[in-house]
Amino acid sequence: TYRIGATITEPGSITMPSRLLADFVGTLPREPINMTLAERSRQVSLSCARNTASIGGMDPDDFPPIPTVQGADAIALDAARLRAAITQTVFAAATDDSRPVLTGVHFQFKDGRLRLAAADGFRLSVHTMEIDSQVDRAAIVPARALGELGRLLAEATDGQVSVTFNLAGTQVQFDVGHARLIANLIQGSFPNYDQLIPANYSTRTEVSVAEFMRETRIASIFARDGSGIVRIIGTPGEGSSPGRLVITARADEVGDNEGIMDALVEGAESKIAFNGRYLTDVLNVIDADRVAIETTSPSSPGVLRPVGNDRFVHVVMPMFVQW
């Protein structure tokens with residue numbers, strides 16, 4: 001539900017087709033919009049500047065009742081920080097329904113922290129944020145609902161969002177003041193993702209996020225005809241020379257590409273291959289100038305962490321290739 005200010009000369013209600021209305025209003029100039037519902041009619045007239053339209057509505061009584069969420073005390077969260085947490089996790093949720101729990105984002109409130117986690121079987125994103133609450137509970141919120149919430153959080157007037165779970169543990173409400181979003185929780189057990197995050201690594205490679213993103217995008221162009229495979233080789237420097245990270249992609253009968261970046265490489269030389277799209281997805285949401293890539297072997301998961309920020313960690317499974 002969303003509330004906006006309006007000058008109302010006569011109260012009324014109507015149900016309107018959302019896509020048509022949104023597409024029409026979204027193209028109008030930033031001028032007042034007049035809406036008129038004719039008496040004993042379901043036809044809505046809209047006018048804005050020199051634009052007019054007539055849209056057929058439906059009986060408002062046929063609209064599903066809006067649920068109310070009443071439960072324990074609401075949990076107050078910083079809207080900007082929650083939005084960042086959603087941005088860094090929701091993209092990793094599964095899009096198919098073969099495992100419903102993976103189509104959501106796991107919320108875990110514990111010990112004054114909130115951890116959000118999403119996984120699709122090939123990658124895992126975890127964001128941890130401090131909160132002013134000692135509540136202890138866990139829930140799985142649909143990723144699609146959180147995508148909508150992320151847009152609403154950008155408009156939070158007082159910078160806060162209130163989170164309430166119903167007593168039955170089946171629904172959650174996010175209240176940002178002018179808007180409320182209620183979502184049905186996904187029932188089931190989320191995987192124990194802590195054991196999916198490697199505790200050790202043999203090579204740590206630190207590079208610029210912007211450079212890494214550029215070279216990955218270039219390699220992905222060539223990888224389109226090669227199953228999306230992007231190969232990464234980290235080589236330590238010798239003496240005073242810097243280390244380097246080489247990104248390559250090739251497709252039989254099409255072509256190949258190689259990009260080289262300066263890097264800080266700790267440990268032995270590493271070779272690993274990833275899906276190029278998975279790399280660009282995570283690099284898009286890293287809010288730091290540099291990123292560290294931790295690897296163990298070509299067949300072990302890789303871990304990406306923003307340098308200087310321990311709130312976010314991303315694990316991505318490797319692709320098996322012939323070197």
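The values are calculated or read from the model by the stated rules, or taken from the named source; none is laboratory data. Everything quoted here is computed from the prediction, not taken from an experiment. Glycine also receives a Cβ, built like all others from the backbone with ideal geometry; neighbour counts cover every protein chain displayed. What goes into the accessible areas is simple: the full protein's heavy atoms, side chains included, and nothing from ligands, DNA or RNA. Shrake-Rupley method; radii C 1.70, N 1.55, O 1.52, S 1.80 Å.
Percent of accessible area on the range 32-107 owned by carbon and sulfur, 1.4 Å probe?
49 percent
With contacts taken as Cα pairs under 8 Å at a separation of at least 6 residues, the range 234-323 carries a relative contact order of 22 percent. Rounded to the nearest percent, how much of the accessible area of the range 275-323 (1.4 Å probe, protein heavy atoms only) is carbon and sulfur? Answer for the range 275-323 is 47 percent, counting heavy atoms of protein chains only. Here the Gaussian network model covers the chain, with springs between Cα atoms less than 10 Å apart; of 79, 118, 53, 53 fluctuates the most. Between 261, 129, 35, the Gaussian network model of the chain with springs among Cα atoms under 10 angstrom shows the greatest mean-square fluctuation at 35.
Measuring nothing but how far apart in sequence close Cα pairs (under 8 Å, 6+ apart) lie, relative to its length, the range 3-74 scores a relative contact order of 28 percent. Once the Cβ-Cβ distance of residue 80 and residue 2 is raised to the sixth power relative to R0 = 25 Å, the FRET efficiency obtained is 0.80.
Per residue, the solvent-accessible area of the range 162-244 (1.4 Å probe, heavy atoms of protein chains only, all protein chains present) comes to 50 Å².
Summary of the geometry: the range 4-77 and the range 117-169, compared by the centres of their Cα atoms, lie 28 Å apart. Each peptide among 2-14, 99-111 gets the average number of other Cβ atoms lying within 10 Å of its residues, and from highest to lowest they stand as 99-111, 2-14.
Below 8 Å between Cα atoms, with a sequence gap of 6+, how large is the relative contact order for the chain in percent? Relative contact order comes out at 14 percent. Dipole orientation for the chain: of the candidates 321, 138, 9, 9 has the Cα lying most toward the positive pole (charges on Cβ; Lys, Arg +1; Asp, Glu -1).
Gain in length, residue 277 to residue 246, computed as 0.36 nm per residue apart minus the alpha-carbon separation, to one decimal in nm?
9.4 nm
In the set (1) 45, 25, 18; (2) 49, 21, 17; (3) 32, 26, 17, which value of semi-axes √(5λ) of the Cα gyration tensor in Å was calculated from the structure you see? Working out semi-axes √(5λ) of the Cα gyration tensor in Å from the coordinates points to (1).
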